[in-house]
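Report on the following structure.
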């Protein structure tokens, strides 16, 4: 009887050993497969990123060549650049495993929110432009004042709130509490942290953007937190909504001729041509101020220096998206201000 019990215990022990060995082996095999897949994903991700860098180099060469040929940037030129980029990517995709897409965006076809405060000084003419831009997007006038001055308080470098603004006293009462940045915006999504802006879902608004100061950035890629220069709006690529926001008088301007010339390859060769065309299409009575006189010429330009390259790369089941901010300083020098992933 004792011998049978010992044999039974030995059999159970053997079965337990086999079971434990199987569990351990399965776990090792499973972990190995995870590690292999993780390594494979890293390799694919690195390949997608390197293709993004290659495309960025190509885009920089395009922007340099364009500046040699033209001193202006029009909607037609941007569209043609994207057509050339699509052809180049198709050729690139034919030699590489995967699918790649990219697009160049002129970032001076929008209003730079950092223009509201330059070198610590509030820019009242820029406030007028933003006010008009928000008013044309069906935002209540009472709310617009709160949006404007809370953003000014967020951008300026002091802790004194404006009449309808917000500084640390407002943000310290939130949960969790925080302080006003008191510096330039880095991303448009930061507006969700600014008092009142969450009410209007700012990312759904059009013609707004955040652009950095012309390169004052560190070797780490971050640019200066203080806005010291005004970023002009490219009249050749700006939307009708943005053009009608350039001044209070522009709200009722006839832009038919302006928009037709925007679509031409050259667009406007100078801001003077734009202003002359504006006056010609919007005649005033003798003695009245011309429409062009209501526009701050420092606010407009015919060329762009800031561009965004948006990129999507897909290899097997892995997809990654990147964007890079490019600053075209001269024919010889184009800076990548920073790169980031977006989803």
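The values are calculated or read from the model by the stated rules, or taken from the named source; none is laboratory data. Here the structure is a predicted model, which means the values were calculated and not measured. No Cβ is skipped: glycine too gets one built from the backbone with ideal geometry, and neighbour counts run over all protein chains shown.
Which ranges mark the helices (runs of 4 or more DSSP H) fully within segment 103-194 that have 2 or more residues being farther than 20 Å from residue 304 by Cα and at pLDDT 95 or above?
124-135, 141-155
Of the residues 155, 191, only one is touching a strand residue (DSSP E or B) at 6+ places or on another chain (Cβ under 6 Å) and in contact (Cβ under 8 Å) with a residue 24 or more places away in the chain; which?
Residue meeting the stated conditions: 155.
When you look at residue 121, is it exposed (fewer than 15 other Cβ atoms within 10 Å of the Cβ), over 20 Å from the mean Cα position of the chain (by Cα), without any contact (Cβ under 8 Å) to a residue 24 or more places away in the chain and in the same structural domain as residue 203 (by TED's automatic domain parsing), yes or no?
The answer is yes for residue 121.
Taking the condition in the same structural domain as residue 311 (by TED's automatic domain parsing), over 30 Å from residue 268 (Cβ atoms) and surrounded by 10 or more Cβ atoms within 10 Å (Cβ to Cβ), does residue 58 pass?
So residue 58 does not fit the description; no.
Residue by residue through segment 43-75, note down the ones that are modelled with pLDDT of 85 or more, more than 15 Å from residue 329 (Cβ to Cβ) and not in a helix (DSSP H, G or I).
Answer for segment 43-75, where residues must be modelled with pLDDT of 85 or more, more than 15 Å from residue 329 (Cβ to Cβ) and not in a helix (DSSP H, G or I): 72, 74.
So which helices (runs of 4 or more DSSP H) stay within segment 219-314 end to end and still have 2 or more residues that are outside the structural domain of residue 86 (by TED's automatic domain parsing), under 22 Å from the mean Cα position of the chain (by Cα) and in contact (Cβ under 8 Å) with a residue 24 or more places away in the chain?
240-243
Taking residue 76 as meeting all but one of (1) closer than 30 Å to residue 236 by Cβ; (2) touching a helix residue (DSSP H, G or I) at 6+ places or on another chain (Cβ under 8 Å), write down the number of the exception.
(2)
What pairs can you find where one residue is in segment 41-57 and touching a residue at least 12 places away in the same chain (Cβ under 8 Å), the other is part of a helix (DSSP H, G or I) and surrounded by 12 or more Cβ atoms within 10 Å (Cβ to Cβ), and their Cβ atoms are less than 7 Å apart, with a gap of 6+ or different chains?
Final answer for the pair search is 55/89.
Within segment 302-324, can you find the residues that are modelled with pLDDT under 90 and within 30 Å of residue 258 (Cα to Cα)?
none
Checking residue 248 against (1) more than 27 Å from residue 71 (Cβ to Cβ); (2) touching a strand residue (DSSP E or B) at 6+ places or on another chain (Cβ under 9 Å), only one condition comes out false. Which one?
(2)
Taking interchain pairs and intrachain pairs at least six residues apart, which have beta carbon atoms under 8 angstrom, with the first residue in segment 91-106 and surrounded by fewer than 16 Cβ atoms within 10 Å (Cβ to Cβ) and the second at pLDDT below 80 and assigned to a helix (DSSP H, G or I)?
Note: pairs meeting the criteria are 99/93.
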